[in-house]
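Heads up, the thing below is written out as structure tokens.
Each reported figure results from applying straightforward, stated rules to the coordinates on display, with no laboratory input. On a predicted model such as this, the values are computed, not experimentally measured, just so you know. Because the Cβ atoms are built from the backbone with ideal geometry, glycine has one as well, and the counts that use them run over all protein chains shown.
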Amino acid sequence: MVRSNEVNKENKGGQANVELVAGSKDLKTLERVARECVEVFLREQKAAFCKVFGNEADYKARDLRKAGDSNCWAWYVGVPLAGGEAMATEGGEVGYVAERCPGELYR
């Protein structure tokens, strides 16, 4: 499930930046997985951000150079170093279709 986990800002308590594949087309399930991911990584880090992909094809379509951000992810949820409630962003159908994502989240 977890495909990458980078921890940075360690001198400030640590921030986990996680990408994972949930293996689902159900957007509610994908949101739940993203929120649970954040909760798990907050046990060891002060901040955590989880980007959830519905399937392996969408994960592989992401921008490896980090020059831009592929919209093939379903949910991006996180709690910043400042704390507070988790912030959640849905990838959305418009970006998903515009990016020509190979998965089938919105089909």
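Zone of residue 29 (label point 7 Å along Cα→Cβ, backbone N under 14 Å): which residues in region 70-105?
104-105
To the nearest 10 degrees, how steep is helix 27-41 against the longest Cα principal axis of the chain, on a 0 to 90 scale?
The angle comes out at about 20 degrees.
Please compute the contact order of the chain in relative form: average sequence separation of alpha-carbon pairs under 8 Å and at least six residues apart, divided by the residue count, as a percent.
Contact order relative to length: 24 percent.
Peptides 26-36, 89-99: what's the order by average Cβ count within 10 Å, highest mean first?
By packing density, highest mean first, the sequence is 26-36, 89-99.
Extension gain residue 1-residue 104, at 0.36 nm per residue separation less the Cα-Cα distance, in nm?
My answer for the length gained is 35.3 nm.
Can you say what percent of the DSSP beta bridges in the chain, counting only those with both residues inside, are antiparallel? Round to 5.
70 percent
Match the structure shown to one of the listed values (1) 38, 30, 19; (2) 41, 29, 22; (3) 45, 29, 18 of Cα extents along the principal axes in Å, computed from it, and give that label.
It is the one labelled (2).
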